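Chemist: To start, I am sharing the structure in question, which I have written as structure tokens.
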Amino acid sequence: MNPPVLEAFRADGKRLRSLRHKALQTIHATLPQRQRVARLVQGQVDGAPRCLRLMLSWNRRTKSFCSFLTNLPSKGDPIEVICRAYKGRWQVELLLQEWTSYANVPAFDTANAALVEGWIWTAIAAAALKRFLAHMTQRPAEVPMSTRKGARCALHVLGDLVEALKRGDVVGLYAALEAAIISLARHAQRAHPQRDRQTGRAQLGLEPCFEHDEVIEFAEAA
């Protein structure tokens, strides 16, 4: 990717006149590393010229630039906002993976819109149920849960819950819920909660919630 740079600005708003009207690759080595840089570049989109914002943020750990390309205007969405919002992108990717991989959504091979919509809503409902189980486990067990692991492990506990619901067996439902919580607490914990506070989602303040009104007593399996 080597589009022409029409304008360039630092995060503090200063215009970098020396970078104007040059090819991207020719100025890459001269970019400042202490501040993020936003550049207005021109490229071809569907055969027509289009101007976009290309933002670069220096990563001190990897010693390289992270690139963000967007059509959002600079007036309402400054560089800092774009870079912070991008950190949530991985959570979106994980959610889509839950729908496609862990909620048994088949490859769509149909022209029937009703079938496609039904599969999508079923996947969303299944993913929501699995996430509910993960967060439900987190409170009484007081362990940080991984929604990804919870989505994979929930398959082994949902059967007993569904059967108890089908029979209207309240006692069996409570027993299935207790067994599900114990199983998920053992097998679906977050692998590196301390690391998450430095580089993961906990860096944004998304900490596990262990507060609960009722204390669920686990049997010896706890």
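Chemist: Tell me which residues, restricted to the range 138-152, are closer than 13 Å to A126 by Cα and either touching a Pro at 6+ places or on another chain (Cβ under 7 Å) or open to solvent by less than 30 Å² (accessible area, probe 1.4 Å) (or both).
Modeler: Hits for the range 138-152 are T147, G150, A151.
Chemist: Here is a check on your reading of the model: is L94 out of contact with any strand residue (DSSP E or B) (no Cβ under 6 Å at 6 or more places or on another chain), open to solvent by less than 60 Å² (accessible area, probe 1.4 Å), in a helix (DSSP H, G or I) and not basic (K, R)?
Modeler: Taking the combined requirement at face value, the residue satisfies it.
Chemist: Based on what the data block shows, is D109 outside any helix (DSSP H, G or I), charged (D, E, K, R) and farther than 30 Å from R61 by Cβ?
Modeler: Values: outside any helix (DSSP H, G or I): yes; charged (D, E, K, R): yes; farther than 30 Å from R61 by Cβ: yes.
Yes.
Chemist: Also, quick follow-up: Filter the range 175-192 down to the residues that are in contact (Cβ under 8 Å) with a residue 40 or more places away in the chain, part of a helix (DSSP H, G or I) and open to solvent by less than 40 Å² (accessible area, probe 1.4 Å) and list them by number.
Modeler: Residues satisfying the conditions are A180, I181, I182, L184, A185.
Chemist: Find all pairs meeting these conditions: Cβ atoms under 6 angstrom apart; at least six residues apart or on different chains; first residue within the range 120-131 and within 19 Å of H156 (Cβ to Cβ); second residue outside any helix (DSSP H, G or I).
Modeler: A123/A103; A123/V105; A126/A103; A127/A103; K130/A154
Chemist: Here's something else I'd like to know. So which pairs qualify, if the first residue must be in the range 75-96 and under 20 Å from R53 (Cβ atoms), the second must be assigned to a helix (DSSP H, G or I) and open to solvent by 80 Å² or more (accessible area, probe 1.4 Å), the Cβ gap must be under 9 Å, and the two must be at least 6 apart or on different chains?
Modeler: From residues that are under 20 Å from R53 (Cβ atoms), the pairs are R84/L204; K87/Q203; K87/L204; G88/L204.
One line per residue, one yes/no per condition, for (1) in contact with a strand residue (DSSP E or B) (Cβ under 7 Å, 6 or more places away or on another chain); (2) surrounded by 11 or more Cβ atoms within 10 Å (Cβ to Cβ); (3) part of a loop (DSSP other than H, G, I, E, B):
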| residue | (1), (2), (3) |
| --- | --- |
| A29 | no, no, no |
| Q33 | yes, yes, yes |
| L40 | yes, yes, no |
| Q44 | no, no, no |
| R61 | no, no, yes |
| P73 | no, no, yes |
| V81 | no, yes, no |
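Chemist: Let me ask you something else. Return a yes/no flag: does the range 57-72 have any residue that is closer than 30 Å to A11 by Cα and of a type in the set (A, V, I, L, M).
Modeler: yes
Chemist: Kindly provide the set of residues from the range 193-209 that are open to solvent by 90 Å² or more (accessible area, probe 1.4 Å) and either at pLDDT 75 or above or over 23 Å from K87 (Cβ atoms) (or both), ordered by number.
Modeler: Q194, R195
Chemist: For V105, all conditions in the list (1) of a type outside the set (F, W, Y); (2) at pLDDT 80 or above; (3) surrounded by 15 or more Cβ atoms within 10 Å (Cβ to Cβ) hold save one; what is the number of the exception?
Modeler: All conditions are met except number (2).
Chemist: When you look at E142, is it under 15 Å from A188 (Cα atoms), in contact (Cβ under 8 Å) with a residue 40 or more places away in the chain and acidic (D, E), yes or no?
Modeler: Against the criterion (under 15 Å from A188 (Cα atoms), in contact (Cβ under 8 Å) with a residue 40 or more places away in the chain and acidic (D, E)), E142 qualifies.
Chemist: If a residue has to be in contact (Cβ under 8 Å) with a residue 12 or more places away in the chain and either under 32 Å from the mean Cα position of the chain (by Cα) or closer than 22 Å to V81 by Cα (or both) to count, how many in the range 7-27 make the cut?
Modeler: Within the range 7-27, residues that are in contact (Cβ under 8 Å) with a residue 12 or more places away in the chain and either under 32 Å from the mean Cα position of the chain (by Cα) or closer than 22 Å to V81 by Cα (or both) number 9.
Chemist: Is the range 165-174 home to any residue that is modelled with pLDDT under 85, surrounded by fewer than 12 Cβ atoms within 10 Å (Cβ to Cβ), among the β-branched types (V, I, T) and over 17 Å from Q97 (Cα atoms)?
Modeler: no
Chemist: Right, here's the next one. For the range 46-57, what are the residues that are open to solvent by 60 Å² or more (accessible area, probe 1.4 Å) and over 17 Å from L72 (Cα atoms)?
Modeler: D46, G47
The values are calculated or read from the model by the stated rules, or taken from the named source; none is laboratory data. On a predicted model such as this, the values are computed, not experimentally measured, just so you know. Reconstructed Cβ throughout: ideal geometry from the backbone, glycine too, with neighbour counts over all protein chains shown. For accessibility, only protein heavy atoms count, side chains too; no ligands or nucleic acids. Shrake-Rupley method; radii C 1.70, N 1.55, O 1.52, S 1.80 Å.
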